[in-house]
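So the structure is just underneath, and the comments pick up after that.
The values are calculated or read from the model by the stated rules, or taken from the named source; none is laboratory data. Every value quoted in this text rests on a predicted model; they were computed, and no experiment measured them. Here the Cβ is made from the backbone with ideal geometry for all residues, glycine too, and neighbour counts use every protein chain on show. For accessibility, only protein heavy atoms count, side chains too; no ligands or nucleic acids. Shrake-Rupley method; radii C 1.70, N 1.55, O 1.52, S 1.80 Å.
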Amino acid sequence: AGPTEYADLIFDKIEEIVNQNKAYLSIARTPGDLYEDKRNRRKSIMLGIENGLALNGQLQTLQHFAQRGIVYMTLCHNGDNDLCDSARGCNTHGGVSRFGEQVIREMNRLGIMVDLSHSSEKSFYDALDISSTPIVCSHSSCKALCDHPRNLTDDQMRALASKGGVTQITLYPGFLKKEGEATIMDAIDHLEHAIKIMGIDHVGLGTDFDGDGGIIGLADSSELINFTRQLLARRYSERDIQKIWGGNFLRVMSIVQKQQI
């Protein structure tokens, strides 16, 4: 099976699990779906793709995945693909490829969010120029605090905010701290640096728990209440905490979906 078939296999399994647990689970495709699930005390699953390799070089496959309900796609992962160069790649295209440009424009048309976590710095700026809608970096941290290729520079964060986008601090230890064990306080430091650079309307938390994310104090979802406690201790308002805990991400999602053709 190729990358497209593999992605479909994963989505098939998720749908099977949801269908077996309809009273507790739901696949949400819009912010409205999320709020409806919350009112009905159901857990929401939002489908996304991490690595545009799943398209297998076929632009029309994006329409297929849109019909399956994906809400965002990360253009690349840990290595260059046919869309763009990765932060851990070999500068294959010198940024976003011609095919990658077509994909971004089609994502805009279909109302799919463009995610630039994992992309190289040149790919980041290329995609920011190409996209007609705000973009997200779903799980990236601050290069000023931890000099890692996967993290964003202050200039990148300013550019992202100027276009209405959002970056979400990730809990992958190596992106928070170069030496020693990363803790919840390191995550707070990265969040507050991002707020200082971008403003409260452009930040969030992208745990990456399914990709080796997890640090002392925030090891898994059962400990996420600790993050809220830290925000309350720093006297963040309820409104600002709502923005950090997904409100900003949902704002971008709403804009992207409303502008689909």
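Results, tabulated for the structure shown:
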{"read-out": "Some residue of the stretch 179-187 being in contact (Cβ under 8 Å) with a residue 24 or more places away in the chain, aliphatic (A, V, I, L, M), surrounded by fewer than 18 Cβ atoms within 10 Å (Cβ to Cβ) and in a helix (DSSP H, G or I)", "value": "yes"}
{"read-out": "Selection from the stretch 219-261 of residues that are under 21 Å from Ser140 (Cβ atoms), among the hydrophobic types (A, V, I, L, M, F, W, C), in a loop (DSSP other than H, G, I, E, B) and open to solvent by 40 Å² or more (accessible area, probe 1.4 Å)", "value": "Ala219"}
{"read-out": "Where a residue in the stretch 52-75 is of a type in the set (S, T, N, Q) and its partner, wherever it lies, is open to solvent by 20 Å² or more (accessible area, probe 1.4 Å) and not in a helix (DSSP H, G or I), with Cβ under 8 Å and at least six apart", "value": "Asn56/Gly2; Thr74/Gly48; Thr74/Glu50; Thr74/Asn51"}
{"read-out": "Identity of the residue in the stretch 26-79, within 17 Å of Asp12 (Cβ to Cβ), open to solvent by 40 Å² or more (accessible area, probe 1.4 Å) and among the hydrophobic types (A, V, I, L, M, F, W, C), that ends up nearest to the chain's Cα centre (by Cα)", "value": "Met46"}
{"read-out": "Residue list for the stretch 66-95, filter: among the charged types (D, E, K, R) and under 20 Å from Glu121 (Cβ atoms)", "value": "Asp80, Asp82, Asp85, Arg88"}
{"read-out": "Residue, nearest to Cys142 (Cα to Cα), within the stretch 183-218, restricted to residues that are in contact with a Phe, Trp or Tyr (Cβ under 9 Å, 6 or more places away or on another chain) and among the aliphatic types (A, V, I, L, M)", "value": "Leu191"}
{"read-out": "Residue within the stretch 165-172 that is surrounded by fewer than 24 Cβ atoms within 10 Å (Cβ to Cβ) and without any contact (Cβ under 8 Å) to a residue 60 or more places away in the chain present", "value": "yes"}
